[in-house]
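Have a look at the structure below before the remarks.
Every number in this text was worked out from the coordinates using simple rules, so none of it is lab data. Since the model is a prediction, treat every value here as computed from it, not as a measurement. Methodologically, a virtual Cβ is constructed for each residue, glycine included, from the backbone with ideal geometry; neighbour enumeration extends over all protein chains shown.
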Amino acid sequence: MKYYDKLIFELSKEGRKGYSLPVNRFPAAPELPLQLRRAASPRLPEVSEPEVVRHYNNLSQMNFGVDTGFYPLGSCTMKYNPKINEEVAALPGFAGLHPLMPAHLTQGACKVYEQMNKALSEITGMHTFTFDPCAGAHGELTGLMLMRTYHMNRGDQGRTKVIVPDSAHGTNPASAAVCGLEVVEVKSLENGRIDVEALKSLLDQSVAGIMMTNPNTLGLFETQILEIAQLVHGVGGLLYYDGANMNPMLGVVRPGDMGFDIMHLNLHKTFSTPHGGGGPGSGPVGMTEEVAKGLPQIKVSGFHGNFGVILRAYAYILSIGRQHLREVGQYSVLSANYIKECLKDVYKLPIADVCKHEFVFDGLVNDGAHDDIPGATTLDVAKRLLDYGYHAPTIYFPLLFHQALMIEPTETESKETIDAFIAVMRLIAQEAAQDPMLLHNAPHNAPISRPDETAAARNPILKY
Amino acid sequence: MSKIIEGLKYSESHEWVKVEGNVAIVGVSDFAQKEMGDITYVDMPEEGDDVLAGEEFGALESVKAASDLISPVSGTVVAVNSALEDTPEAINEDAYANWIIKVEMSQPEELDALLDAAAYKALIKE
Amino acid sequence: MPHPYLPHTQADIQAMLEKIGVKTLDDLYADVPQACRKKGAYALPDAMSEQEIRDCFAALDAMNARLKVFVGQGAYDHYTPSVIPYLTQRSEFITAYTPYQCEISQGTLRYIFEYQSLICELTGLDVANASMYDGPTAAAEAVMMCTECVRKRNRVLLSATLLPHVLQVIQTYAKFHGVDITVVPAQDGQSSLGAIRAELSKEDVAGVVVPSLNRYGIVEDLTGFADTIHTAKALLVQYCDPSALAVVKTPGEWGADIAVGDGQPLGLPLCYGGPYVGFMAVKKDYMRKMPGRIVGQTADKEGRRAFVLTLQAREQHIKREKATSNICSNESLMALWVIIYLSLMGPEGLAEVNRISADGAHYLHDELLKTGKFQEVFPGKPFLKEFVLKPLEEAIALQHRLEAAGFFAALPTPEGYVSFCVTEKRSKEEIDQLVAAVKEG
């Protein structure tokens, strides 16, 4: 990666043109009245087309994607993004569809939604899906809205709380708060699972439901899930499944069969659509027939959700098909456990159980702390990995472990890639033991070194 | 070793209180500012807002964390340290010299529930 | 069974199982109760080869009508420069994740910074975020922000001239978040200052949302709105078309506190409604209450200009249940789409897009009136690329006749009007053909 420091505004020169528009053949319309007009032209860049192309090409060279190298971000499922998906999503018959066109004009699009609904319902054991949510967190919010609607339609105004494990992803309690629900945390046991006894003491008629994922954010299967489902249903509550961790379940276990009533999927995780640097994603929400009755009362996005993303996911499902679904799940679990076993002597493994698609280390066994020199932290390990051409795993999540390092390889990485990663992780552990300053000052080989984030937050410069 | 000043009252959530007449001057302890790291923003209430003992009245923010400020006493906010809007790092520099809010107390007996310097020192157990 | 996306060979699998210390892949699911497991096969389609996938999608693609689009209402058929998909498809942009590891994500962080800068320039406000899902959800988040910023007030007014789906999404969010919504009726096709003033007098309003270009295509005159709303201690939120902001008075100039809208008109394809890209810009005072990711400029240890996600203490991963928004993934790649579009267009290009669109729309408007088959609804009200008319025949019959002639036009509105939109992609010939088709009936 090469450091390239320009911003598009710095390439601008008055009189340059980068656009191509037809000659205006219409008679001139009356001008807008002066008081409705903007006082001065917006200061947009004036750049030629080749300069724009070069600028954004150069920016892209300072970026790291799944196509660049291994991206073991726990909880993000950075699997390969198939290119056939891009090809079919760009077909003109889809690209040119206006969202307000009536159904008889959009039969192809309607069929895609219908087929996707069938496929996702079958994969998850749900009755039906809505495709309106544009991201996982958006799906969570929609799912909680459905949960509240279910209770309101039953005439029960008292269901004001939702139970969330203390290991939950931040979007879970945030979604609950946006949805007007009070968050009640249930603690995890030493073995990383929900404390079912503690859960029992929290369950009463004020609980709308529980919001959780399985496997949980530590990559561990909640073995008591059937009991949890029975307990929550027993007080009239519903179970919500955060589908971010669906990958290892593909072809093996279905949330519907575990007792979940509502769930979301992240198409940009489990179903291979690209992350795009932070979106677009898609978070379709699945539900039981009973919960689906509340769907007409809820509208969470302007049109039909992220159709372009849904198209890509559909192509992926057709490629994997019935035959390979289980392999996706199984191989993701295989690779995660393999890495765990190969590194547990040099990284602290707080919970040694068989994991699913991801697992958590709690920092280094030997962090090299000596004299006045502090030991290498998880942050330092992450930054040193960048020097070796890897994207770091997820760091400092879940909050249960202070030096959390969450690794999720996914099923699309070869054993050679995984072995090379293991070797580098071992090397970094050795470096930390001998010379932690090397890690403190990492990365050394990236376009920039560690930026001053404190200054960025104290004196924000948020535009050019 | 975190600095602890005699003569101040302390809460279990690491706020300090200096009493002047019926007004409680509230800040955070040296231990608290160390735990936070570089403070990037102090979220403060407005003059005239009511506060309740044990309830949050604002927050300290750093790059990677946000920590609620819990009011040690109930009453009305009569002053807010607006200098902290531009220089939140002042709390890192000297946690005791930079108060956050001043509260006209409605129930001064709440002060009795707070810790003295020795008890606070025992609490943070360094 | 081998698959091109699954590299593990049988030998690989065996070696890995051995290292782990289990015999079969199924052993790794030993902790999953049998009662949970799916019994039997999944009723899914057979795995398809690439060519079969191509054929399948080609067939689906062909099932969609190919019509010339003469409708807007929140999704606009503007021209997409060829350069954009070429650049956004670059692996390093499209297969990257959120730029949490900033040292290897300067590409993403910089284009977001550029995007934030231009959203500020278009809206005339101080700070913009890194994008939201779409215009309607950005508006819903702005409504929640109003009740966060204006303490002890829980009501927000919405102008009835906002697009229907914008109103519906805001109302959904508000209902669950506990915000009282009042939809204020329009007057003469515009937001009514008088009706808003009457509501404000109850002193419980935190914010007022009005459009820039409204659902009838009218460019709203917001003279007096900001003063009245601010005197009542509420916030002014403006919902805008960012393409039109190149020529119409900006939210900043109108005195708005928050501007939201959808960036789709800035070169994003229609794509049956998504992915689009919501934007939000606010006055400096509200920076720390704004949802969404924000990129800031700073320096690295060697003093090099560097960009990072900043003010993260606002966000869900830190604030959790105290966060005012749960937004995480947004529409980053579509923001890249927008910034490339704006860089190519520049001020002249965007002004020209608006000019051609407005001239085309007025031409269509006048030609339609000449057919004698329509009545003006809001005579004399200023519009750009979109307008409504009242058809003298049944709206659905008109719409179908135009469909048969190859046009998606004359969208019926709830009020009994029909809505038309013209962009720079529509030619004079197409408009003449459309008018001819109208006359036929």
(message) Suppose each label sits 7 Å from its Cα in the direction of the beta carbon; what would the A:E31-B:S13 distance come out to in nanometres?
(response) 6.0 nm
(message) Using the crude model of +1 on Lys and Arg Cβ and -1 on Asp and Glu Cβ, and no other charge, please compute the dipole size for region C:27-119 relative to its Cα centre, in debye to 20.
(response) 280 debye
(request) Pop a pseudo-label 7 angstrom from the Cα along the beta-carbon direction at both C:Q171 and B:N22 and give the gap in nm to one decimal. (result) 5.0 nm
(request) Pop out the ³J(HN,Hα) list for region B:49-64 in order, Karplus 6.51 cos²θ - 1.76 cosθ + 1.60 with θ = phi - 60°, rounded to Hz; leave Gly and Pro as x. (result) 5, 8, 10, 10, 4, x, 9, 6, 10, x, 7, 9, 10, 10, 4, 10
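Within region A:141-243, report the GluC sites (Glu not before Pro) that DSSP leaves as loop and that have at most 11 other Cβ atoms within 10 Å.
Those satisfying the criteria are A:E190.
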(request) Evaluate peptide C:70-76: per residue, the Cβ atoms of other protein chains within 10 Å of its Cβ; return the mean as an integer. (result) 3
(message) Please compare each pair in A:K13/C:K301; B:K18/C:K284; A:K2/A:K383; B:K18/C:K152 to a cut-off of 23 Å on the Cα-Cα distance and tell me which ones are over it.
(response) A:K13/C:K301; B:K18/C:K284; B:K18/C:K152
(request) Go ahead and set up a Gaussian network model of chain C, Cα springs under 10 Å, then flag whichever of C:A206, C:A62, C:A30 fluctuates most. (result) C:A30
(message) Let me check against my output: what whole-number percent is the relative contact order of region C:233-326, with C-alpha pairs under 8 Å and at least 6 apart?
(response) 18 percent
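Out of region C:260-344, which GluC sites (Glu not before Pro) are coil in DSSP terms and have no more than 16 other C-beta atoms within 10 Å? Present the calculation step by step, with values, prior to reporting the outcome.
Working: sites: C:E302, C:E315, C:E321, C:E331; in loops: C:E302, C:E315, C:E331.
Loop-located and lightly packed - C:E302.
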(request) Mind checking A:64-70 for the average number of partner chain beta-carbons within 10 Å of each residue's beta-carbon? (result) 6
(message) 5 Å is the cut-off here: which amide hydrogens, built 1.01 Å from N in the peptide plane, fall below it relative to A:L238, excluding neighbours closer than 5 in sequence?
(response) A:G209, A:I210
(request) Using only the Cα atoms of region A:347-417, build the gyration tensor, take square roots of its eigenvalues as a ≥ b ≥ c, and label the shape rounded, prolate or oblate: rounded if a/c is under 1.5, else prolate if a/b is larger than b/c, else oblate. (result) oblate
(request) Write out the trypsin sites (Lys or Arg not before Pro) in region C:191-232 meeting two conditions: DSSP loop, and at most 11 other Cβ atoms within 10 Å of their Cβ. (result) C:K202
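Where does each of A:8-20, A:426-438, A:69-81, C:33-45 land if you order them by average Cβ count within 10 Å, highest first?
Ranking the peptides A:8-20, A:426-438, A:69-81, C:33-45 by packing returns A:69-81, A:426-438, A:8-20, C:33-45.
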(request) Order the peptides A:198-209, C:146-157 from the highest to the lowest mean number of other Cβ atoms within 10 Å of their residues. (result) C:146-157, A:198-209
(message) Please return the longest range in chain B lying between exposed loop sites, taking trypsin sites (Lys or Arg not before Pro), DSSP loop only, at most 12 other beta-carbon atoms within 10 Å, and leaving the sites out.
(response) B:4-124
(message) Can you list residues from other chains, or at least 5 along the same chain, whose modelled amide H is less than 5 Å from the amide H of A:G243?
(response) A:H264
(message) If R₀ is 25 angstrom, what is the calculated FRET efficiency for the pair A:N153 and A:E114, using the beta carbon separation as r and rounding to 0.05?
(response) 0.45
(request) Go through C:L398, C:V338, C:G303 and say which Cα lies farthest out towards the positive end of the charge dipole of the protein assembly as shown; charges sit on Cβ, +1 for Lys and Arg, -1 for Asp and Glu. (result) C:L398
(message) Residue by residue through region A:208-218, what is 3J(HN,Hα) from phi via Karplus (6.51 cos²θ - 1.76 cosθ + 1.60, θ = phi - 60°)? Round to whole Hz and write x for glycine and proline.
(response) 6, x, 10, 10, 8, 10, 8, x, 7, 6, 8
(request) Report, by chain and number, residues whose modeled amide H sits under 5 Å from the one on C:F407, excluding near sequence neighbours (fewer than 5 apart, same chain). (result) C:K68
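Return a whole-number percent for the relative contact order of chain A, with Cα pairs under 8 Å and 6 or more residues apart as the contact set.
After rounding, I find 19 percent.
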(request) List the pair-distance distribution P(r) of chain A, using every Cα-Cα distance, as the percent of pairs falling in each 20 Å bin from 0 up to the bin containing the longest distance, rounded to whole percents. (result) 21, 49, 27, 3, 0
(message) Quick check on the exposure proxy: order B:V19, C:V308 from fewest to most C-beta atoms within 10 angstrom.
(response) B:V19, C:V308
(message) So for chain B, averaging the separation of alpha carbon pairs under 8 Å that are six or more residues apart and normalising by length, what relative contact order in percent results?
(response) 32 percent
(request) Partner chain Cβ atoms within 10 Å, averaged over the residues of A:436-448 - can you pull that number for me? (result) 3
(message) Quick one: 3J(HN,Hα) in Hz for region C:390-395, Karplus 6.51/-1.76/1.60 with θ = phi - 60°, rounded, Gly and Pro as x.
(response) 9, x, 8, 10, 5, 4
(request) With unit charges on the beta carbon (Lys/Arg positive, Asp/Glu negative), name the residue among B:S82, C:T371, A:P255 whose Cα is farthest towards the positive pole of the charge dipole of the protein assembly as shown. (result) C:T371
(message) Suppose we take every Cα in region A:191-295 and form the convex hull; what volume per residue is that in Å³?
(response) 122 Å³
